[in-house]
1. What is the helix-to-structure angle for 33-58, meaning the angle in degrees between its Cα long axis and the longest Cα principal axis of the chain, kept from 0 to 90 and rounded to the nearest 10?
2. Leaving out ligands, DNA and RNA, what percent of the accessible area of the chain is carbon and sulfur, probe 1.4 Å?
3. Based solely on its DSSP helices, what 222 nm [θ] is calculated for the chain when runs of n ≥ 4 H residues each add -39,500 (n - 2.57) and the sum is averaged over all residues, nearest 500 deg cm²/dmol?
4. How much accessible area per residue does the chain have, counting only protein heavy atoms and a probe of 1.4 Å, in square angstrom?
5. Say the dipole of the chain comes from +1 at the beta carbon of Lys and Arg and -1 at that of Asp and Glu; which of Leu78, Ala39, Ile17 then lies farthest toward its positive end?
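The values are calculated or read from the model by the stated rules, or taken from the named source; none is laboratory data. None of the values given here were measured: they were computed from a predicted structure. Here the Cβ is made from the backbone with ideal geometry for all residues, glycine too, and neighbour counts use every protein chain on show. Note: areas computed on protein heavy atoms with side chains; ligands, DNA, RNA excluded. Shrake-Rupley method; radii C 1.70, N 1.55, O 1.52, S 1.80 Å.
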Amino acid sequence: MLEEFLPYMALIVFGNIENLILASHGVVKGANPIKLLIASLICVALWLIIGTEGTVIAMDYSNVIEFIGGLAIVILGLQSMIEAFRYNKDEDYD
C-alpha cells in the first residue's frame, strides 16, 4: 500500500514544511502558542486526511497531475524571469 503513495511523497513533505513556515510566521507575529498549536495540529490532520483520500482518488491521474505541476513550475519560472528582465530594463544605469 505504501508504494501507491510514493509518487506523492514530495507533496506530503512540502505540505508539512509549508505548515511549519506558517506556524513560524504566527510565532513571529506574536500569536498565542497554544492556539497556534491547536490550529497547526488541525491543519496537519486535515492535510493527512485530504492527502490520503485525494491520493487514492487521483492515482489514476498521476501522470496528468505531474504534467500539470511541471507545466505550472515552468510557467511561473518564465513569468519570474520576464519580470526580472523588465525590472532590469527599466533601471537607469547612468
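1. The answer is roughly 80 degrees.
2. Values: 5890 of 8120 Å².
The value for the chain is 73 percent carbon and sulfur by accessible area.
3. Taken over the chain, the calculation gives -29000 deg cm²/dmol.
4. I get 86 Å² per residue for this part.
5. Ala39
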